Amino acid sequence: MSTMTLILGMLAATFVPRLVPFLLPAAGNPPAWLAHALGYVPAAALAALVVPGGFTAAGGNVGASVAALAVAAALSFRRVNIGITLAAAVGVAALGIVLAGTGAG
């Protein structure tokens with residue numbers, strides 16, 4: 001595949017989704033079910049970026065990573081302060097690394 005073909009393909013993949021809303025006729029507000037569903041898009045996009053790296057974040061110790069993700073998810077679900085949530089998750093990951101005897105260095 002040539003470099004120009006790759007660049008044009010990436011151009012189309014990013015430009016077309018941004019262009020489509022301007023080309024469609026304005027029909028007013030979207031249906032309630034669609035507006036409700038679109039409310040979950042930011043959280044889903046963030047989860048898709050964060051969660052895969054979270055499984056290997058603790059020096060390759062998957063158990064410690066999963067435990068830290070579980071603690072962060074549980075505290076976030078209970079709407080605990082973000083600083084406390086992060087500190088607890090880091091503490092659990094560090095404890096898991098120490099107990100397993102593994103580490104990044």
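The values are calculated or read from the model by the stated rules, or taken from the named source; none is laboratory data. As the structure is a computational prediction, the values presented were derived from the model and not from experiment. With ideal geometry, Cβ positions are generated from the backbone for all residues, glycine too; neighbour counts draw on all protein chains shown. Just so you know, the surface numbers come from the protein's heavy atoms only, side chains and all, with ligands and any DNA or RNA stripped out. Shrake-Rupley method; radii C 1.70, N 1.55, O 1.52, S 1.80 Å.
Mind checking which residues of the range 32-54 are surrounded by 11 or more Cβ atoms within 10 Å (Cβ to Cβ) and either in contact with a Lys or Arg (Cβ under 7 Å, 6 or more places away or on another chain) or of a type outside the set (Val, Ile, Thr) (or both)? It would help to see each step written out before you state the result.
Step one: filter the range 32-54 for residues surrounded by 11 or more Cβ atoms within 10 Å (Cβ to Cβ), giving 37, 47, 50-51, 54.
Those that are surrounded by 11 or more Cβ atoms within 10 Å (Cβ to Cβ) and either in contact with a Lys or Arg (Cβ under 7 Å, 6 or more places away or on another chain) or of a type outside the set (Val, Ile, Thr) (or both): Ala37, Ala47, Gly54.
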(request) Only residues in the range 41-59 that are under 28 Å from Ala100 (Cα atoms) and touching a residue at least 12 places away in the same chain (Cβ under 8 Å) count as the first member; pair them with residues that are part of a helix (DSSP H, G or I) and among the hydroxyl-bearing types (Ser, Thr, Tyr), Cβ under 7 angstrom, at least 6 apart or cross-chain, and list the lot. (result) Gly54/Ser65; Phe55/Ser65; Ala57/Ser65; Ala58/Ser65
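Only one of Ala89, Ala74, Ala57 is hydrophobic (A, V, I, L, M, F, W, C) and open to solvent by 60 Å² or more (accessible area, probe 1.4 Å). Can you tell me which? Quick ask: steps written out before the conclusion?
Values: Ala89 fails: open to solvent by 60 Å² or more (accessible area, probe 1.4 Å); Ala74 fails: open to solvent by 60 Å² or more (accessible area, probe 1.4 Å).
Answer to the check: Ala57.
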(request) Filter the range 62-105 for residues that are assigned to a loop (DSSP other than H, G, I, E, B) and over 26 Å from Ala43 (Cα atoms) and give the result. (result) Gly101, Thr102, Gly103, Ala104, Gly105
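Based on this model, can you work out whether Ala58 counts as in a helix (DSSP H, G or I) and out of contact with any strand residue (DSSP E or B) (no Cβ under 7 Å at 6 or more places or on another chain)? Can you show your working first?
Details: in a helix (DSSP H, G or I): no; out of contact with any strand residue (DSSP E or B) (no Cβ under 7 Å at 6 or more places or on another chain): yes.
For Ala58, the condition - in a helix (DSSP H, G or I) and out of contact with any strand residue (DSSP E or B) (no Cβ under 7 Å at 6 or more places or on another chain) - is not met.
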(message) Looking at Asn81, Asn29 in this structure, which one is open to solvent by 70 Å² or more (accessible area, probe 1.4 Å), out of contact with any helix residue (DSSP H, G or I) (no Cβ under 6 Å at 6 or more places or on another chain) and at pLDDT 80 or above?
(response) Asn81
